[in-house]
Amino acid sequence: MKKVLLNFGVVENKILVDDKSTATEENVINSIQILRDINLIDNKKIVLVSNQAHLRRIGMELKKQLKENNFDMIYEYPENSIISFDKIKNNNEWRSLAINEVKKIISFIEQGIVDDEEVDFN
């Protein structure tokens with residue numbers, strides 16, 4: 001991801017990297033700590049960049065971890081990360097990934113960690 005940002009002209013010293021995480025929750029927790037360490041977490045806009053299938057759950061994980069903070073989220077994914085329904089339907093690996101993402105989102109809602117949200121598919 002850092003290479004992509006550099007290719008888009010983002011100055012290297014403006015890129016913060018968590019290189020220790022192995023899972024979404026861990027990445028969100030580590031990223032929050034990195035932002036807190038440099039006082040960049042409160043009352044900020046948080047831009048989430050990921051693939052289309054994973055983006056919503058990252059946002060829910062942020063909401064879970066930052067309940068007391070005031071922040072806005074902007075969801076952004078590269079056009080080439082859009083996963084078609086046919087790809088999910090016809091590929092066991094993609095179908096398994098999609099099912100796991102949905103199960104995790106449902107778990108957040110059932111635990112009351114986040115409210116169910118309307119999703120705009122346009």
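The table below gives the values:
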quantity: Positions within segment 48-81 being in a loop (DSSP other than H, G, I, E, B) and modelled with pLDDT under 80, in sequence order; calculated: Ser50, Asn51, Lys67, Glu68, Asn69, Asn70, Tyr77, Pro78
quantity: Close pairs from segment 16-37: first within 23 Å of Ile105 (Cα to Cα), partner exposed (fewer than 12 other Cβ atoms within 10 Å of the Cβ), Cβ under 8 Å, at least 6 apart; calculated: Glu26/Lys20; Asn30/Lys20
quantity: Where a residue in segment 86-108 is under 23 Å from Met60 (Cα atoms) and its partner, wherever it lies, is outside any helix (DSSP H, G or I), with Cβ under 8 Å and at least six apart; calculated: Trp94/Ile83; Ala98/Ile83; Phe108/Val114
quantity: Residue match in segment 33-47 (condition: touching a Lys or Arg at 6+ places or on another chain (Cβ under 9 Å) and at pLDDT 85 or above); calculated: yes
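The values are calculated or read from the model by the stated rules, or taken from the named source; none is laboratory data. Note that this is a predicted model, so its numbers are computed, not measured. Every residue, glycine among them, receives a Cβ derived from its backbone with ideal geometry; neighbour counts consider all protein chains shown.
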